[in-house]
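Reading through the structure tokens given below for one structure.
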Amino acid sequence: MSKFRFSVGPWNIHEGADVFGPAVRPTIAFAEKLANFKKIGFDAVQFHDDDVVPEIDTKSASEITATARQVKQMLDDHGLKAEFVAPRLWESPRTIDGAFTSNSEAEREYASERSLRAVDLCREIGCDLLGFWYAREGTLCAESKDMHAGVHRMIEGLNRVLDYDGTIRIFIEPKPNEPIDRSFAPTMGHALALSAETIDPPRVGGLVESAHATLAGLDPANEMAFALALGKLFGVHLNDQNGMKYDQDKAFGAENLRQAFNQVRVLVENDFGARGEYVGLDVKAMRTQKVELCYEHLKNSLQMVRLLEQKVAAFDYKIQRQFIEARDYEGLEMYVMKLLLGA
Ligand code: XLS
Ligand code: MG
């Protein structure tokens, strides 16, 4: 049994298209995904705004509300909650040059307006958490944007949301690159610095995605611990990543078992989840996976969290203390590796 509650996004079951090739699996209907999520052991669903209301930009306010209510009903029917809504600020022709940091004032305004609609969606589907993954806030051409102005525009964007709804909370999900080259919010430190400058810092925290931290050359467990120490870890996206290359969203623990162990350890030691937070996954099946087996990466990731929770429970803090007192960190490291290997 896990002490955590888990969440997953509908995009985690996808058709397998990548930058160099088309879809290889059929689209699975949203209702079928929900039924399977519940069966596999998830408690909540993560949403982009257009996962709730497809083609949201072309819909009227009343159409948006009606569709959101249907989605809420489907969640209720399946015994699932909504965890957050993240405005998808990277696919519209109006966010080609970024959203809050676009060089066009009209496009910046679009980003804000769309974010406020996402707050409305949170309210309709029953959550109080808005997510910002700043996909295009940064540059492809280093000289194309004024970062000084960009940082202030991002803070302004956060303030607009905080001001619009007095109880909504926001997480920033940092990522150093992809699809942009140089992100304006690459790490948790950047995210929390932005938070501190807003009109209501306690309502702005961070979400660590393991692969994003790895892409920044950082240890995801440390990114989590940093936010936890400041009371700012509003969510996690557990997954894995083989080094600093394209974003892989691999099954949790599949590449770096010791780092996965330390992520679970840090979450357990700091009682993550006690304030209602979910342990989220953000994993994608490999393109080679056949449709009959396209939920395996979710099952495997959950199983990995549970197995690592057992390893954390078996972690002997007395032995840890003894190694620390002797300053024998070679010994401590070997103790951890033997624990993980069951040796
Ligand atoms: C992409 C992000 C995305 C967010 C939600 O890299 O991880 O899936 O989690 O917008
Ligand atoms: Mg993510």
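Regarding segment 86-241, what is the average projected area of its C-alpha convex hull, in nm²?
Here the figure is 8.6 nm², rounded to one decimal.
May I have the extent of the alpha carbons of the chain along their three principal axes, as whole Å values ordered from largest to smallest?
Here the spans come out as 62, 46, 41 Å, largest first.
Could you derive backbone 3J(HN,Hα) for segment 85-97 from the dihedral phi with the Karplus parameters 6.51, -1.76 and 1.60 (θ = phi - 60°), listing whole Hz in sequence and x where the residue is Gly or Pro?
10, 10, x, 7, 8, 10, 10, 6, x, 8, 10, 4, 9
State, to one decimal in nm², a quarter of the convex hull surface area for the C-alpha atoms of segment 22-75, i.e. the direction-averaged projected area.
Across all orientations, segment 22-75 yields a mean hull projection of 4.8 nm².
Over the Cα atoms of segment 172-289, what is the Rg over Rh ratio if Rh follows Kirkwood?
0.96
Enter the Cα centre distance for the pair segment 271-300 and segment 94-170, rounded to the nearest angstrom.
Between the Cα centres of segment 271-300 and segment 94-170 lies a distance of 27 Å.
Please work out the average accessible area per residue across the chain, using the 1.4 Å probe convention, and give it in Å².
Details: 15830 Å² over 343 residues.
Ligands and nucleic acids excluded, the result is 46 Å² per residue.
What order do you get for 125-134, 195-204 when each peptide is scored by the mean count of other beta carbon atoms within 10 Å, highest first?
Taking the mean over residues of other Cβ atoms within 10 Å, the ranking is 125-134, 195-204.
Mind checking the full-extension length gain between Ala17 and Asp328? Use 0.36 nm per residue of separation minus the Cα-Cα distance, one decimal, nm.
Using 0.36 nm per residue and subtracting the Cα-Cα distance, I get 107.2 nm.
Sorted by packing (mean other beta-carbon atoms within 10 Å per residue), highest first, where do 115-123, 67-75 land?
On the way: 115-123: 21.1, 67-75: 16.6.
Put in order of decreasing packing, that is 115-123, 67-75.
Would you kindly state how much longer the chain becomes between Cys141 and Tyr164 on full extension, computed as 0.36 nm times their sequence separation minus their alpha carbon distance, in nm to one decimal?
Length gained between Cys141 and Tyr164: 5.0 nm.
Any idea what angle helix 61-78 forms with the longest principal axis of the chain, computed on alpha-carbon atoms, 0 to 90 degrees, nearest 10?
Tilt of helix 61-78: around 30 degrees.
Using a 1.4 angstrom probe on the protein heavy atoms only, line up Tyr164, Tyr278 by accessible area, largest first.
Tyr164, Tyr278
Using θ = phi - 60° and the Karplus curve 6.51 cos²θ - 1.76 cosθ + 1.60, what whole-Hz ³J(HN,Hα) does each residue of segment 164-176 get, with Gly and Pro shown as x?
5, 9, x, 10, 5, 10, 10, 10, 9, 9, x, 7, x
In segment 53-106, what percent of the accessible surface is made up of carbon and sulfur (1.4 Å probe, ligands and nucleic acids excluded)?
50 percent
Tell me which residues come under 5 Å, amide H to amide H, from Leu129 once H is placed; ignore anything under 5 positions away on its chain.
Val85, Arg169
I want to check the label-to-label distance for Glu292 and Ser2. Put each point 7 Å from Cα in the C-beta direction and report it in nm to one decimal.
2.7 nm
Leaving out ligands, DNA and RNA, what percent of the accessible area of segment 169-229 is carbon and sulfur, probe 1.4 Å? Walk me through the numbers on the way to the answer.
Working: 1030 of 1970 Å².
In segment 169-229, the share of accessible area belonging to carbon and sulfur is 52 percent.
Using modelled amide H (1.01 Å from N, peptide plane; none on Pro or chain starts), what sits under 5 Å from the amide H of Val204, excluding residues fewer than 5 places away?
Counting only residues 5 or more places away or on other chains, the set is Ile170.
Given springs between every Cα pair under 10 Å in a Gaussian network model of the chain, which of Glu91, Glu107, Glu292 has the largest fluctuation?
Evaluated over the chain, the most mobile residue of the options is Glu292.
The values are calculated or read from the model by the stated rules, or taken from the named source; none is laboratory data. These numbers come from a predicted model, not from an experiment. All Cβ positions, even for glycine, are placed from backbone atoms using ideal geometry, and neighbour counts span all protein chains on display. Accessible surface is based on the protein model in full, side chains and every heavy atom, while ligands, DNA and RNA are left aside. Shrake-Rupley method; radii C 1.70, N 1.55, O 1.52, S 1.80 Å.
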